[in-house]
Every structure is written in structure tokens, then in C-alpha cells.
1. Jot down the radius of gyration and Dmax of region 92-222, Cα atoms only, both in angstrom.
2. Of the candidates 162, 143, 116, which one comes out as most mobile in a Gaussian network treatment of the chain with C-alpha springs shorter than 10 Å?
3. Could you list 99, 203, 38 so that the one with the fewest beta carbons within 10 Å of its beta carbon is first and the one with the most is last?
4. For every helix of n ≥ 4 consecutive DSSP H residues, a contribution of -39,500 (n - 2.57) applies; sum these over the chain, divide by its total residues, and give [θ] at 222 nm rounded to the nearest 500 deg cm²/dmol.
5. Got a sec? How would 238, 141 order by Cβ neighbour count within 10 Å, fewest to most?
6. Report the gain in length on full extension from residue 222 to residue 39: 0.36 nm times residue separation, minus Cα-Cα distance, nm rounded to one decimal.
7. Kindly express, to the nearest 10 degrees and within the range 0 to 90, the angle between helix 230-250's C-alpha long axis and the longest C-alpha principal axis of the chain.
8. Give me the one-decimal nm value for the distance between modelled label points at residue 199 and residue 69, 7 Å along each residue's Cα-to-Cβ direction.
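The numbers here are math on the coordinates, done by the rules we state, and not lab data. Here the structure is a predicted model, which is why all the values come from computation and not from measurement. Neighbour counts are summed over all protein chains in view; Cβ atoms, including those assigned to glycine, are modelled from backbone coordinates with ideal geometry.
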């Protein structure tokens, strides 16, 4: 067992850094850093080298001996100055369900350790609310050339089960129901949930409200492709042409 966990915890103490700041500087998850410090996990070699180089510490010293406070005070202090001088905006950390993780999420959605290990999106949205990201995997929410396509990403806000019945019909939701994770529009009937695709050739799916395990109301969407502006420009030009014609006729 190495001294790495004890040493980085001591470094944070000497430099006055929170776990969150330290983790962000080295592109780590806070939970991962906590596992290092609690000696439940060892770092990858590239992480070890980055931290050692940043503080001008020999890799061997970081791993094989417990560093003293006096020795740490001799090392570079760049990270403290950076953290103190920069007023960092707090972004929300949004766990994102990628295509490879869908089947695992269905099984372990309520396991905190699993959710914490998902890929994280950093977004300038309310960090006090609970969000979930999801990578679109099919064409169910397309209508001709519009809508959501594979590789687009949506972000949903958690809806408690007792609030689901109050949602407006037609709202876009991500639902974990029975053994499926479904992105569709929500319609509520008498104690039944109807999930409807925008694609006209796909049939509705209906479930009892009691079958719903989780529901996230989609608040944001990020498109892999650039939106088409040609149709909008053509419509505006046509509108202007019509207005000029009206003005000309009046004169």
C-alpha cells in the first residue's frame, strides 16, 4: 500500500484546497479523489505524474514516504495562488447516461456509487437541483428532418413521483419504467402513463403510474449537428417581399 492518499490529503491541507478544487485542477471526479485519500483506490500512472510534476515532488516520494508539512511548504505554491485569485463560477455536475451505460443504469440507477461514476457534464445551470443527462440513441423523437437525433444530448430535471400527475401533457421526459429507459412525450390518463414518440410510425407505450421508477423532465438539449437556417431565412425573405408588395400597392 502506498502513501499517495495520505500525501495528497496533506497537500490539500497545507495548500488550503477543498476536494472539489483539487479534483477540478487535475480533471478528477471528487468521488475518485475521496477514494484515493481513503486508500480505497490507487491512481493511474498519468494522474500520479501530473500531480507530482505540478508540485515538483518526486514520484517516489509521493508514493513511498509520508511527506512532512515542512517538506510540503518547500514545494511550488502555484495551485493555491490560482485558486485564491480566480473567482470560479460553480457549475452543476450532471451525471450523463451514455449509450454504453443504459443497460447498467436500468439495473443500478438507485446506487449512489454507480451514478457518481457516470460521465459528468459541467453546465451553468442551478447546482441546487437534481439533473440527469442522456445521449439520444434512436430516431423516435424525430419528425421528418426535425427533432432529436442519435448523439444529441438532453438534460432532464428530476420530477418526484407525486408531481408526475401534475405535468402538462406533451412535455418531453426521460422515464425509467420497468426495465426500459425511454425518451418520449408524456401524457397522463387515469393512473396511466402514455409515452408518445414524435415519429409517426412508432406506437405509443402505456404503463401504470406505479411502474415508473424515475422521471426527468427535459429542460435542455444539445445538438451534435448545426441547425439548418436556410428555411428560416427563406421564410423571412418571403415575408419581407410580401410586405414590400403591400407597401407598393398602397403607394
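1. Gyration radius and largest Cα-Cα distance of region 92-222: 14.1, 40 Å.
2. It is 162.
3. Details: 99 13, 203 7, 38 10.
Lowest to highest Cβ neighbour count: 203, 38, 99.
4. On the way: 10 runs with 88 residues, N = 251.
When only DSSP H runs of four or more count, the value is -10000 deg cm²/dmol.
5. Working: 238 10, 141 23.
Fewest-to-most Cβ neighbours within 10 Å comes out as 238, 141.
6. Numbers: separation 183, 0.36 × 183 = 65.88 nm, distance 3.77 nm.
That pair, residue 222 and residue 39, stretches by 62.1 nm at full extension.
7. 40 degrees
8. Once both label points are built, they end up 6.3 nm from each other.
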